[in-house]
Every structure is written in structure tokens, then in C-alpha cells.
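Q: So that we are looking at the same thing, I have put the structure below in C-alpha cells.
The values are calculated or read from the model by the stated rules, or taken from the named source; none is laboratory data. The structure displayed is predicted, hence computed values, not measured ones. Neighbour counts are summed over all protein chains in view; Cβ atoms, including those assigned to glycine, are modelled from backbone coordinates with ideal geometry. To get the accessible areas, we keep the full protein, side chains included, count just its heavy atoms, and leave off ligands, DNA and RNA. Shrake-Rupley method; radii C 1.70, N 1.55, O 1.52, S 1.80 Å.
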Amino acid sequence: MKIAVLGAGVIGLTSAWWLYEAGHDVVLVDRAEGPAAEASRANGAQLSYRYVAPMASPKMLAQLPSHLLPGENAIKVSLNRELVGWGLRFVKACTRAEVARTTAAQLALADLSRAELERLLGAVPLDFGLRTAGKLVVFRNRADLDAARPTKDEPAEALTPQQCLDLEPALALKPDEFAGGVYTALEQVGDCAAFCEQLFAKLKACNRVDIRMDTAIGRPVVKNRRMIGVETDQGIIEADLFVLSLGSGARAFARSCGFNLPIYPVKGHSITIVDDGAPKLKHSVTDYSRKIVYAPLPGATRVAGFADFQGYDTTPVRSRIAQLKSAAAETFGLAASGDVEPWAGLRPMTPDSRPVIGLSPLDGLFLNTGQGMLGWTLACGSARLSTDLIEGRTPSCPAEPFALARFG
Ligand SMILES: Cc1cc2nc3c(=O)[nH]c(=O)nc-3n(C[C@H](O)[C@H](O)[C@H](O)COP(=O)(O)OP(=O)(O)OC[C@H]3O[C@@H](n4cnc5c(N)ncnc54)[C@H](O)[C@@H]3O)c2cc1C
């Protein structure tokens, strides 16, 4: 089949590679000059296979009113029309049962993702700072730590403040400044943009892959109720099948196809602090209360966080960057005064935090999008699952939780 993949972020690129591997002719289309121009660029760098719980939860529901108040909270919400419908579905997903359903589905997809990334790297070596660094989640208050204590069956351990400091000597907190932590040894880190650039270069060298960058996608071309082409500013691109991986742009495209795809752009910020000789983090660290993650990358530390529901603007906000800088200085003594790259991106979030993978209401259009906070972690598994479904194979992990039909 000739398959056009719409979007060259980490989801589109992995979709393109897995489909190419399965023997298809692939066209990869994106409006940017190069790959990973948007959310897949300077994200938190965490391959977080165990921390997959959704954002919607009973606890989040209780906290919602406080996120609507002004101030520099970790989550900020400005209500608008597009957010209202999405928000109602989000509120519906804030139940224990739904959290359990999402967590189980995401754990299976994350396991698949890890296995598929490993398989990919066995066949195609890529150098993007991948490291099984382990993840330490630090809790500043005891109630949060108690709620997160791992059960005996979970591959994680609860640590006292002193044990956290012994494990991660770069942590600059005093033992009485926090309640403790949870450590998961098997979590990984890696630079998503470097992965994307290298996979893009491999795709470029393949004779069955046609790359169309600098190409803005408009509306679908539909004949006999089937999508047979896509209008772009460079002309119509025809294919037997289209895979929608436009990140936060997917909702608008779905609307032009005549159906609703509940994806909202949730803005996050990051800074990349170039190493200056200060003690380097050994592990990836999450500051649970502040919703900030720290990842050691080759030659730098990535600091990322926040969830701002404020529309499609991708400009980094000065106050958010200042918050990341002061948190990095206070928590790790990282001098964020020198060479720092500020960045912001939009996570394509569904109300229940599960991606949408499967057929769309429009024949000829397949959906692989909406990975939200976990797109880097879930990319290779999502590409595998998409390819399984497109090929009519038994899916490598349960597919039903990711179908668009769950939104009714
Ligand atoms: C601050 C922050 C931290 C994060 N940290 C992590 C993390 O630690 N671990 C993790 O797993 N995930 C993390 N994520 C989430 C992850 O980065 C995203 O889920 C993932 O990058 C989404 O990939 P994507 O390919 O769907 O979207 P994108 O990377 O945004 O790609 C979409 C592509 O579509 C193109 N496009 C859109 N509209 C059009 C159009 N009309 N025409 C042509 N092209 C178009 C864009 O140019 C873009 O290249 C983080 C995100 C943010 C913002």
C-alpha cells in the first residue's frame, strides 16, 4: 500500500518507520523544515514506562477550582469554548474506575514501546543518549508519598530522605525539607529530538519513502466517502491510506474531515542547561509537588514541567522559564544563569490521557495521535500497534482502550 503519514513529530516518524518496515511505500508530510519541530523537540526526555497514570483523577477533580485561580501554579487553566467540551469529558474521566482502566492500558502500551524501541535499536543503531538511568520521584509532603508507596509487586521502592540523598548526591535538598521518594530502577532517559533527527535521516535514505517537508496540510480530498488525498500548499498528495499524526494540529484536521477528535493542546516548558562542571544528576528525577522533571542528557540537563491550558501559542513564557531556573538552582544547585535553552511545546492531550489509535469515522484515514504527556515514551508501541491494526494482524497489546469510539 502507499501510506501517507501526516506529521513528522516522534509519532509520525515512528509510524512511518514501522509501516516502511512492514513493506509499505510511505509518504511523510510536515509543514516544518525538519523533523520534531514542535512537541517532540525539547520535551522532558523521560522514557517513563511505569509512571503512566492519567491526569484526570478524583484528586485532580478536587483540585480543579484552584487551577482556575490566577497565580504561578503548576497547572493553569484559562477557560475557552474549545476547552469546555473537552473539559466535560475530562471531568467524566476523573473516576477511580477510569484511572484504573487507563493505567492498565498505558502500562501494556508502554511495555510494548520499550520492547519495540529495543528491537528497533537492534536493527538500526541510533545515538540519542539513551540510558537506563532509573527514576527517583521526590515527595515534599508525607500524604503524597504515602499515596504513592509501591506495593510489593511493583518494581519500585520507597526511600527515606537520606536514602534519596545517598542515591542521588546531586540533590541539594536537606533531609528535613522533603518526605522521601520512590525509586524505579528500570526507567530510561533519552533525547527525543536526537532520536527523531536520526530516524528521519534513516527514512530519507530509504527508496520507498518520499519525504515532503515545508508542506502545510489543509483539507482531505474525499471521493465516494473515502479519503483519497490531502490538499497541501504544494498540491494534492494521493495515497491508499492516511495516518493522522499531527499532534496538536490533529483536532483541526479531524474537524475538516467531519468528526470530533477531543485533543487539547496542553502547554509545557523546558530549559536545557549545558553542563558547567557542577555535579551531574545520575538519575532522572521528578519533583512531584512542583510537577517538574529533571533528566541527565549527554552534556546537559533537561528541566521540564507545567501544564497550561491556554490555547495554541507556543511562545515560552518568561515567568515559567524563571520558575524552572529557580527550581533547578534550589533543588540541584544547577546554575541556570549561563547557557540555557528555553522552550515550550504543546502536548496533544485527550481527556482520559490515552492516545487515539485506530480507524477514524472517515474511510482511508487512520488515527495515531493524542499521546499527551507520554508521546516519547509511547511512540514505538503506538507505531507497532498502528501497523498491526493497519495490516489486520492480532494487535501486540489490547487495542480497544485506544479506539476513538470510547468518546461516544
Ligand atoms: C514540556 C513537555 C515535556 C514533555 N516531557 C515528556 C517526557 O518526558 N516523556 C514523554 O514520553 N513525553 C513527554 N512529553 C510529551 C511528548 O513530547 C509529546 O506527546 C510528543 O512529542 C507528541 O508527538 P507528536 O508527534 O504527536 O506531536 P508533534 O511532535 O507536535 O508533531 C506534530 C507534527 O505535525 C506537524 N503539523 C501540525 N499541523 C500541521 C499541518 N497543518 N500541516 C503540516 N504539518 C503539521 C507539526 O509541524 C509537527 O511536526 C512532553 C511534552 C512537553 C510539551
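Q: Please pick out the residue among 342, 361, 351 that is farther than 22 Å from residue 92 by Cβ and either open to solvent by 50 Å² or more (accessible area, probe 1.4 Å) or assigned to a loop (DSSP other than H, G, I, E, B) (or both).
A: The unique qualifying residue is 342.
Q: Another question, if that's okay. Sort out which residues of the stretch 19-36 are among the aliphatic types (A, V, I, L, M) and either away from the ligand (no atom under 11 Å from the Cβ) or surrounded by fewer than 21 Cβ atoms within 10 Å (Cβ to Cβ) (or both), and write them in order of number.
A: Matches in the stretch 19-36: 19, 22, 26, 27, 32.
Q: Starting from the stretch 290-301, take each residue that is farther than 14 Å from residue 170 by Cα and away from the ligand (no atom under 13 Å from the Cβ) and list its partners that are of a type in the set (Gly, Ala, Ser) and open to solvent by less than 10 Å² (accessible area, probe 1.4 Å), counting only C-beta distances under 8 angstrom and pairs at least six apart or across chains.
A: If the second residue must be of a type in the set (Gly, Ala, Ser) and open to solvent by less than 10 Å² (accessible area, probe 1.4 Å), the pairs left are 290/305; 290/327.
Q: In the set 4, 16, which member is more than 6 Å from the ligand (Cβ to nearest atom), of a type in the set (Gly, Ala, Ser) and over 24 Å from residue 190 (Cα atoms)?
A: 4
Q: Going by what's in this entry, would residue 316 be described as over 22 Å from residue 115 (Cβ atoms), out of contact with any Asp or Glu (no Cβ under 9 Å at 6 or more places or on another chain) and not in a loop (DSSP other than H, G, I, E, B)?
A: Against the criterion (over 22 Å from residue 115 (Cβ atoms), out of contact with any Asp or Glu (no Cβ under 9 Å at 6 or more places or on another chain) and not in a loop (DSSP other than H, G, I, E, B)), residue 316 does not qualify.
Q: Condition first: open to solvent by 80 Å² or more (accessible area, probe 1.4 Å) and more than 15 Å from the ligand (Cβ to nearest atom). Now tell me which residues in the stretch 209-253 satisfy that.
A: If the condition is that a residue be open to solvent by 80 Å² or more (accessible area, probe 1.4 Å) and more than 15 Å from the ligand (Cβ to nearest atom), then 223, 224, 225, 226, 238 are the ones that fit.
Q: Sticking with this one: Only one residue in 213, 227 is among the aliphatic types (A, V, I, L, M), on the phi < 0 side of the Ramachandran plot and either in contact with a helix residue (DSSP H, G or I) (Cβ under 8 Å, 6 or more places away or on another chain) or free of Cβ contacts under 8 Å to residues at least 60 places away in the same chain (or both). Which one?
A: Going through 213, 227 in turn, just one is among the aliphatic types (A, V, I, L, M), on the phi < 0 side of the Ramachandran plot and either in contact with a helix residue (DSSP H, G or I) (Cβ under 8 Å, 6 or more places away or on another chain) or free of Cβ contacts under 8 Å to residues at least 60 places away in the same chain (or both): 227.
Q: Which of the numbered conditions does residue 367 fail, given that it passes all the others? Conditions: (1) under 20 Å from the mean Cα position of the chain (by Cα); (2) surrounded by fewer than 24 Cβ atoms within 10 Å (Cβ to Cβ).
A: (2)
Q: Output the residues belonging to the stretch 365-408 that are within 15 Å of the ligand (Cβ to nearest atom) and aliphatic (A, V, I, L, M).
A: 365, 367, 373, 374, 378, 379, 383, 385
Q: Kindly indicate whether residue 63 is more than 7 Å from the ligand (Cβ to nearest atom) and polar (S, T, N, Q).
A: yes
Q: May I ask you to say which residue of 286, 315 is within 18 Å of the chain's Cα centre (by Cα) and within 15 Å of the ligand (Cβ to nearest atom)?
A: Of the residues listed, the single one that is within 18 Å of the chain's Cα centre (by Cα) and within 15 Å of the ligand (Cβ to nearest atom) is 286.
Q: Sort out which residues of the stretch 108-149 are under 25 Å from residue 398 (Cα atoms) and open to solvent by less than 60 Å² (accessible area, probe 1.4 Å), and write them in order of number.
A: Answer for the stretch 108-149, where residues must be under 25 Å from residue 398 (Cα atoms) and open to solvent by less than 60 Å² (accessible area, probe 1.4 Å): 108, 109, 110, 112, 113, 114, 115, 116, 117, 120, 121.
Q: Which one of these is open to solvent by 20 Å² or more (accessible area, probe 1.4 Å), in contact with a Leu (Cβ under 7 Å, 6 or more places away or on another chain), within 16 Å of the ligand (Cβ to nearest atom) and not β-branched (Val, Ile, Thr): 53, 39, 45?
A: None of the other options fit; the residue is 39.
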